[in-house]
Amino acid sequence: MSKLIMNRRSFVAGMQGLALGTALTGLPRLGSAQDLKNVTYLTPFGYLINFAAAMYGDTSGIFEKHGLNVTVEGGRGSSMAVQQVTAGRALVSRTGGTDLIKAYAKDPSVVAIAEIYERDLFYVISAEDGAINSPEDMEGKTIGIVSPSGATENILDMMLAAKDIPADAVSREVVGNAPAAFELVKQGRISAFIATSDTDFQLRQAGEPIVSWSTDDVALCPGQVYMTSKAPLEESKEELAAFLSAIQECLGVMLETQDKMEIINSMGAKYDLAEKGRPDGGLAVLEFGMPNYQRAYDEKMASEQESWDSAYKLMVKAGLIEELEDRDFFDDSIRQLAFS
């Protein structure tokens, strides 16, 4: 397996050298519009502010500065992301680490090239009255998941396996990924549900009486990764490296920008942002993501071997995948090219 960069907590000195030029190192800059390389990027699901780096890379002109004409398309789940990439209809997409491993077990042509959301992506959310504090508390209960056989159900199975609890000891109900799912907890239809950190944040911001904890506490996994298929690692390596360099610059600019509404307004002028109907226009959601953007920026989207090993072992134990001889889930060569 390609060597991963594992110094998660090493801080890349301050914001010096950021400006707008942390970008492309050693790769040719392309000047005129006709020289721009066309790239299609597929989000995991629609146009959520959580995927701001790529949308802002488009609307801010940062992708163009790096010689790319990037089409950002809204996806409809991890399965679509894998299908579009393997079919060659998208050069790069974003998906969860467990989704990548599960797809790789069926088709080892897919590969992660950077980790953009490194930890604590999913949370178990329950009510203070009847809190679910561990997988052991889930036995005999109904737990909400975002979609059947998707990332959250995989994570649920992995957490149960980690504690040697049979998968059929817990019932599941599809509730989606939104704060509204907490109403089902209040009604007693489910005891808890697994959702993204954004949903957890929005419930806390609304003052709901929730108890929540990161699934990484039980089942450590890679977070959200940028993925491609293995053929473009050589055929389109400059475009992929330029994409990562541009994303890195976007992260830096987003972190530096004091008025975050400037970022939201830039994206919203072109994309139908899912959170635009919130009273604050999605500002709190973007600000909530800043610590993770900082971490991804500081570490230049490096990934950690420990999280891949943990996820793989638990997925095998849970029966989600068979044991694999080849476990090259992550290839660091593009990231190294972008930031060498």
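The values are calculated or read from the model by the stated rules, or taken from the named source; none is laboratory data. Everything numeric here is computed off the predicted structure, so don't read it as measured data. Cβ sites come from the backbone with ideal geometry, for glycine too, and all protein chains shown count toward neighbours. Remember, those area values only see protein heavy atoms, side chains included, never the ligands or the DNA or RNA. Shrake-Rupley method; radii C 1.70, N 1.55, O 1.52, S 1.80 Å.
Of the set (1) modelled with pLDDT of 95 or more; (2) assigned to a loop (DSSP other than H, G, I, E, B), all apply to Glu275 but (1).
Is it the case that some residue within the stretch 106-122 is assigned to a helix (DSSP H, G or I) and either more than 26 Å from Trp213 (Cα to Cα) or out of contact with any Lys or Arg (no Cβ under 6 Å at 6 or more places or on another chain) (or both)? Among the residues of the stretch 106-122, at least one is assigned to a helix (DSSP H, G or I) and either more than 26 Å from Trp213 (Cα to Cα) or out of contact with any Lys or Arg (no Cβ under 6 Å at 6 or more places or on another chain) (or both), which makes the answer yes.
When the stretch 165-194 is filtered for residues that are hydrophobic (A, V, I, L, M, F, W, C) and in contact with a Ser or Thr (Cβ under 7 Å, 6 or more places away or on another chain), the ones remaining, listed by number, are Val174, Ala178, Val185, Ile190, Ala192, Ile194. If the condition is being out of contact with any helix residue (DSSP H, G or I) (no Cβ under 9 Å at 6 or more places or on another chain), within 30 Å of Ser109 (Cα to Cα) and in a helix (DSSP H, G or I), then the stretch 235-272 contributes only Glu235. When Glu234 is tested against (1) surrounded by fewer than 16 Cβ atoms within 10 Å (Cβ to Cβ); (2) modelled with pLDDT under 95; (3) within 23 Å of Leu283 (Cβ to Cβ), only condition (3) is not met.
Output the residue which, of all residues in the stretch 295-340 that are outside any helix (DSSP H, G or I) and of a type in the set (Gly, Ala, Ser), is nearest to Ile247 (Cα to Cα). Within the stretch 295-340, the match that is nearest to Ile247 (Cα to Cα) is Ala302. Scanning the stretch 293-340 for residues that are at positive phi and of a type in the set (Gly, Ala, Ser) yields one hit, Gly319.
The residues of the stretch 154-184 that are in a helix (DSSP H, G or I), in contact (Cβ under 8 Å) with a residue 24 or more places away in the chain and open to solvent by 20 Å² or more (accessible area, probe 1.4 Å), listed by number, are Asp157, Ala162, Ala167, Ala169, Pro179, Leu184.
Checking each residue in the stretch 192-229 for being more than 21 Å from Leu100 (Cα to Cα), open to solvent by 30 Å² or more (accessible area, probe 1.4 Å) and part of a helix (DSSP H, G or I) picks out Phe201, Gln202, Arg204, Gln205. Across the stretch 93-152, the number of residues qualifying as surrounded by 16 or more Cβ atoms within 10 Å (Cβ to Cβ), modelled with pLDDT of 90 or more and of a type in the set (Gly, Ala, Ser) comes to 10.
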